[in-house]
Every structure is written in structure tokens, then in C-alpha cells.
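Notes follow the structure.
The values are calculated or read from the model by the stated rules, or taken from the named source; none is laboratory data. Small disclaimer: the values here were computed from a predicted structure and weren't measured. Note that each Cβ is placed from the backbone with ideal geometry, even for glycine, and that neighbours are counted across all protein chains shown.
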């Protein structure tokens, strides 16, 4: 087992085995996730972190559609952009390389690496970095984190990049 794999095992919260569940589709549930990663049910915001983490553990995204899946049923959830935001980060020394650890709005930790890479997507007419998570999900990098990363970014002939787990993630197209 590599040190990176050990770090992932230590940090990343396991997802429920939703791919093995074959619950009946129940259509669209009265739940939505707004652009700021806030979850709402029947118009009221869900603020209990434990409940949000439970929902997150059974959330997936397939071909742009978000699903809450249980062993008994599968319901579609309206998501304005993505379900999560990267709200903070820190650097972790792993042997001879640094690994950036992204922390999402639920407090979950994700090492930026080949398993959880950064990609650029358009949001409100701007190219922004998104972190690819498990089960087809993504987390948009919050503005404060983006600005902090801009301060530590490096540049080469291809452009401006962050280096994490030995990989350059370019912040420009």
C-alpha cells in the first residue's frame, strides 16, 4: 500500500455502497442544494451537520443528475451547481512531496491527487477549479480558497498551476 493510499484511507470518509442498491425510483424529492452548498428540504434549510453528512453519504451524480439512494428507493435531488464547496485547505507533507488537502463545507477532507483531481469548469461566466470527488460528485473551490491558492501557485510555459501529490493542476486554460 502506498503512502498516498494510506493517506486517502485515513482522511476520506467512506461513501455508502449505493452502486449495489437497486431501490425503486421515486422521482424528484422536495430537496435542493443551492449554489453555496446549502441543503433545503420542503423550503427549510437543513443545518444539522450529522444529517447533512448522512445525506452526503448516499448522494451520487450520474450524467448531471443527482440522486439520493437508499436500499429501498432512489430519489432525484435538484442541485443548482454542485453539492459541495471546498471551504478551506492545508498542506500535508508525504515523504518528499506536498499534498494539498481540501476541506469541504461538511468538514470532510480530500487529498488533491490522481484519485481526487482538480478540473476547471465554467461557473457564472468564469473558469473556476472544481475538485472531483467520489460517485460522480464535485466540490467547487470557494473564492477565499481560490485566492489563497493564487498566492502559492507557480507558473511555467503552460500557465499557472498548483502542485499536489506530484501533479501540476493548471488554473488556466
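Out of region 38-47, which residues are surrounded by 11 or more Cβ atoms within 10 Å (Cβ to Cβ) and either over 17 Å from the mean Cα position of the chain (by Cα) or modelled with pLDDT under 95 (or both)?
Initially, region 38-47 is screened for residues surrounded by 11 or more Cβ atoms within 10 Å (Cβ to Cβ), giving 38-41, 46.
Scanning region 38-47 gives 40, 41, 46.
The set of residues from region 144-171 being touching a helix residue (DSSP H, G or I) at 6+ places or on another chain (Cβ under 9 Å), outside any strand (DSSP E or B) and over 17 Å from residue 111 (Cβ atoms) comprises just one member, 171.
Taking region 85-125 and the strands (runs of 3 or more DSSP E) fully enclosed by it, the elements with 1 or more residues that are surrounded by fewer than 18 Cβ atoms within 10 Å (Cβ to Cβ) are at 97-104, 118-123. Of all residues in region 126-142, those satisfying the criterion of being surrounded by 15 or more Cβ atoms within 10 Å (Cβ to Cβ) and not in a loop (DSSP other than H, G, I, E, B) are 128, 129, 130, 131, 132, 138, 139, 140, 141. Here residue 74 meets the list (1) modelled with pLDDT under 95; (2) outside the structural domain of residue 29 (by TED's automatic domain parsing); (3) part of a strand (DSSP E or B); (4) closer than 30 Å to residue 17 by Cβ almost entirely, failing just condition (2). Hey, can you tell me all the residues within region 18-35 that are part of a strand (DSSP E or B) and either farther than 21 Å from residue 52 by Cβ or not assigned by TED's automatic domain parsing to the domain that holds residue 68 (or both)? Of everything in region 18-35, those that are part of a strand (DSSP E or B) and either farther than 21 Å from residue 52 by Cβ or not assigned by TED's automatic domain parsing to the domain that holds residue 68 (or both) turn out to be 24, 25, 27.
Residue-by-condition table, conditions (1) within 15 Å of residue 12 (Cα to Cα); (2) under 15 Å from the mean Cα position of the chain (by Cα):
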{"residue": "83", "(1), (2)": "no, yes"}
{"residue": "92", "(1), (2)": "yes, no"}
{"residue": "145", "(1), (2)": "no, yes"}
{"residue": "152", "(1), (2)": "no, no"}
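Summed over region 55-81, residues that are exposed (fewer than 12 other Cβ atoms within 10 Å of the Cβ), within 15 Å of the chain's Cα centre (by Cα) and without any contact (Cβ under 8 Å) to a residue 60 or more places away in the chain total 1. Would you check if there is a residue in region 13-30 being loosely packed, with under 12 Cβ neighbours inside 10 Å and under 17 Å from the mean Cα position of the chain (by Cα)? Yes, region 13-30 contains a residue that is loosely packed, with under 12 Cβ neighbours inside 10 Å and under 17 Å from the mean Cα position of the chain (by Cα).
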